[in-house]
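Since the structure comes first, as structure tokens, the remarks are kept for the end.
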Amino acid sequence: MPRQPLDDTALDTVFRKARTHYGFRPEPIEEATLRELYDLLKWGPTSMNCQPARYVFVVSDEGKSRLIPALSEGNRDKAHEAPVTVIVAIDTRFYEHMPTLFPSSPNARERFAENPDKASDTACRNGTLQGAYLIVAARMLGLDVGPMSGFDNDMIDEEFFPDGRYKSNFLVNLGVGEPQSQRPRGPRLAFEEVAEVV
Ligand SMILES: Cc1cc2nc3c(=O)[nH]c(=O)nc-3n(C[C@H](O)[C@H](O)[C@H](O)COP(=O)(O)O)c2cc1C
């Protein structure tokens, strides 16, 4: 079968014309849309199907008032305007689900539990991938995104994950973006600068 790439509209929507947004229209996002978003992003692959990412969709004024003090000053207005700010976190004990998620490897849970470095690397790698799937899935569903890493992880973790099991990774503002809030598009490195074919 010849390969069948998506059409230009799809590629533009997800990558080529998609921009990071810093300002958002005051239009709420229904919980049904957030569920649709998760139901799409969840199909992105993770090693041993481990799915370590956890998500807190902060939509309420009360939630935002708990979130915003932890953000760097330059990020506060963005999170205030965005109808949704997602805390993309990782579950440090993600491996407890392994018997269900990857039953073909019956010892996976114990092997991760006995090797904290391996568990941490796996959670970080795959949890970040899942955050990227969230960005791509949101764009495919017609939402605009603004990821943010400028915040105090410890403050977010104390406020939202006080038992210490989940750790924040990064944040993603979601909504309908205001195009005039965009910055000039930054250049991307050329293939020759970043890749080799051996
Ligand atoms: C993980 C991540 C963290 C980011 N953190 C911040 C941030 O804290 N504040 C901010 O203004 N922009 C932040 N950005 C936005 C990037 O600078 C922006 O996505 C990048 O320059 C590409 O812009 P473009 O999509 O418009 O081409 C972040 C982006 C990513 C992917």
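From (1) open to solvent by less than 20 Å² (accessible area, probe 1.4 Å); (2) in contact with a Lys or Arg (Cβ under 9 Å, 6 or more places away or on another chain); (3) of a type outside the set (V, I, T), pick out the condition that doesn't hold for S47.
Condition (1) is where S47 drops out.
Quick one: count up the residues across the stretch 154-183 that are within 12 Å of the ligand (Cβ to nearest atom), at pLDDT 95 or above and open to solvent by 40 Å² or more (accessible area, probe 1.4 Å).
Here the count works out to 1.
Check R3, R35 and return the single one that is open to solvent by 90 Å² or more (accessible area, probe 1.4 Å), under 30 Å from P187 (Cα atoms) and not small (G, A, S).
Working: R35 fails: under 30 Å from P187 (Cα atoms).
Every option except R3 fails the conditions.
Being acidic (D, E) and surrounded by 11 or more Cβ atoms within 10 Å (Cβ to Cβ) is the requirement here; does E62 meet it? Even if it seems obvious, please write down each step before you answer.
Details: acidic (D, E): yes; surrounded by 11 or more Cβ atoms within 10 Å (Cβ to Cβ): no.
Answer is no for this residue.
Which number in (1) away from the ligand (no atom under 16 Å from the Cβ); (2) over 21 Å from the mean Cα position of the chain (by Cα) marks the one condition that V194 misses?
Failed condition: (1).
So is R139 in contact (Cβ under 8 Å) with a residue 40 or more places away in the chain, out of contact with any helix residue (DSSP H, G or I) (no Cβ under 9 Å at 6 or more places or on another chain) and within 15 Å of the ligand (Cβ to nearest atom) or not? Lay out the reasoning, then the answer.
On the way: in contact (Cβ under 8 Å) with a residue 40 or more places away in the chain: yes; out of contact with any helix residue (DSSP H, G or I) (no Cβ under 9 Å at 6 or more places or on another chain): no; within 15 Å of the ligand (Cβ to nearest atom): yes.
Spelling it out, it is not the case that R139 is in contact (Cβ under 8 Å) with a residue 40 or more places away in the chain, out of contact with any helix residue (DSSP H, G or I) (no Cβ under 9 Å at 6 or more places or on another chain) and within 15 Å of the ligand (Cβ to nearest atom).
Out of T85, T33, T9, T46, which single residue is within 13 Å of the ligand (Cβ to nearest atom) and of a type in the set (S, T, Y)?
Working: T33 fails: within 13 Å of the ligand (Cβ to nearest atom); T9 fails: within 13 Å of the ligand (Cβ to nearest atom); T46 fails: within 13 Å of the ligand (Cβ to nearest atom).
Testing whether each residue is within 13 Å of the ligand (Cβ to nearest atom) and of a type in the set (S, T, Y) leaves just T85.
Every residue in the stretch 96-134 that is within 16 Å of the ligand (Cβ to nearest atom) and either open to solvent by 90 Å² or more (accessible area, probe 1.4 Å) or in contact with a His (Cβ under 6 Å, 6 or more places away or on another chain) (or both), please. Working first, answer last.
Of the stretch 96-134, the ones within 16 Å of the ligand (Cβ to nearest atom) are 124-134.
Within the stretch 96-134, R125 is the sole residue that qualifies.
The values are calculated or read from the model by the stated rules, or taken from the named source; none is laboratory data. Please read all numbers here as calculations on a predicted model, not as lab measurements. Quick reminder, even Gly has a Cβ in these numbers, built from the backbone with ideal geometry, and neighbours come from all protein chains shown. Side chains are part of the model used for accessible areas, which takes the heavy atoms of the whole protein and leaves out ligands, DNA and RNA. Shrake-Rupley method; radii C 1.70, N 1.55, O 1.52, S 1.80 Å.
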